[in-house]
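S.K.: Encoded as structure tokens, here's the structure I'll be asking about.
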Amino acid sequence: MEAEELSEQIHSTSPAVGLRAVGALHRLAEQVEAVHVRAAREQGWTWEQIGDALGVSRQSVHAKYRE
């Protein structure tokens, strides 16, 4: 989904369209998070540092992305 299309859908008055846009945003956020968690680990960041940056506990981020 293109950014412009997603932006239009986010502002739709249709709940069905808006909720599909929310789902797309969640999926995109998960993908971006995974890329940056992987990069942080490759650069030597601890799970605690990553959790702090994401605003979650080190345990939760480790459980989600453990290697």
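We did not get these values from a lab; they are worked out from the coordinates using the rules stated. Nothing here was measured: the structure is a model prediction, and the numbers come from that model. Don't worry about glycine lacking a Cβ; one is built from the backbone with ideal geometry, like all the others, and counts go over all protein chains shown.
S.K.: Take the residues of segment 43-67 that are of a type in the set (D, E) and surrounded by 12 or more Cβ atoms within 10 Å (Cβ to Cβ): which is farthest from E30 (Cα to Cα)?
M.R.: Step by step, filter segment 43-67, then rank; the result is E48.
S.K.: Follow-up. I'd like to know if segment 12-32 contains one or more residues that are outside any loop (DSSP other than H, G, I, E, B), touching a Lys or Arg at 6+ places or on another chain (Cβ under 9 Å) and free of Cβ contacts under 8 Å to residues at least 40 places away in the same chain.
M.R.: Checking segment 12-32: not a single residue is outside any loop (DSSP other than H, G, I, E, B), touching a Lys or Arg at 6+ places or on another chain (Cβ under 9 Å) and free of Cβ contacts under 8 Å to residues at least 40 places away in the same chain.
S.K.: Among H36, H26, H11, which is surrounded by 12 or more Cβ atoms within 10 Å (Cβ to Cβ) and either of a type outside the set (K, R) or closer than 16 Å to Y65 by Cα (or both)?
M.R.: It is H36.
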